Amino acid sequence: MDRSIPSDVVEQWMTHLRLQRTRARDAVFLIEGGATLHDGRNGEAMHDATQRWLSEQREVIAEVDRLVALYDGLNAQH
């Protein structure tokens, strides 16, 4: 199903994706610099979640990079 999506809506999506990628890069930077994250309950750390979080943020970066490349490729065609 083909339908037109206004370019301003697409630009809003792309801005959101780029912001998510920036946040993910910041999290990776902090973790690689020694920050740790923990799952917990009632303010008490129970499990180190640092590696899981790092992996998830790297996946966000890779996925946004892929989507931005797709977007750029489509724009290059026109």
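The values are calculated or read from the model by the stated rules, or taken from the named source; none is laboratory data. If you're wondering where the values come from, they're calculated on a predicted model, not measured in any experiment. So basically every Cβ, Gly included, is an ideal-geometry build from the backbone, and we count neighbours across all protein chains shown. These accessible areas exclude ligands, DNA and RNA; they are computed on the full protein's heavy atoms, side chains included. Shrake-Rupley method; radii C 1.70, N 1.55, O 1.52, S 1.80 Å.
For n ≥ 4 DSSP H runs only, could you compute -39500 (n - 2.57) per run for the chain, divide by its residues and tell me the 222 nm figure to the nearest 500?
The helix-only estimate for the chain comes to -24000 deg cm²/dmol at 222 nm.
Can you tell me which of Ala62, Ala24, Ala35 moves the most in a GNM of the chain? Springs connect C-alpha atoms under 10 Å apart.
In the Gaussian network model the winner is Ala35.
In nm, what is the difference between 0.36 nm times the number of residues separating Asn42 and Val9 and their Cα-Cα distance?
Difference between extended and current length: 7.8 nm.
So, for the stretch 8-76, what is the accessible surface per residue at a probe of 1.4 Å, expressed in square angstrom?
Averaged over the residues of the stretch 8-76, the accessible area is 74 Å².
In whole percent, and with a 1.4 Å probe on the protein chains, what portion of the accessible area of the stretch 8-76 is carbon and sulfur?
Carbon and sulfur atoms account for 55 percent of the accessible area of the stretch 8-76.
Quick one: helix 50-76 against the long Cα principal axis of the chain, what's the angle to the nearest 10°, folded into 0 to 90?
That helix lies at roughly 10 degrees to the long axis.
When you take every Cα atom in the chain, what is the radius of gyration, and what is Dmax, the widest Cα pair distance, in Å?
Just the Cα atoms of the chain yield Rg and Dmax of 17.2, 54 Å.
What's the magnitude of the charge dipole for the chain around its Cα centre, counting Lys and Arg as +1 and Asp and Glu as -1 at the beta-carbon? Answer in Debye, nearest 20.
20 debye
Sorted by accessible area with a 1.4 angstrom probe, largest first, how do Asp2, Asp39, Asp26 fall?
Greatest to least solvent exposure: Asp2, Asp26, Asp39.
Tell me the trypsin sites (Lys or Arg not before Pro) within the stretch 1-63 that lie in a loop according to DSSP and have at most 15 other beta-carbon atoms within 10 Å.
When the trypsin sites (Lys or Arg not before Pro) of the stretch 1-63 are filtered for loop state and at most 15 Cβ neighbours within 10 Å, Arg3 remain.
What is the angle, in °, between the Cα long axis of helix 7-32 and the longest principal axis of the Cα atoms in the chain? Nearest 10 is fine, range 0 to 90.
Value to nearest ten degrees: 30.
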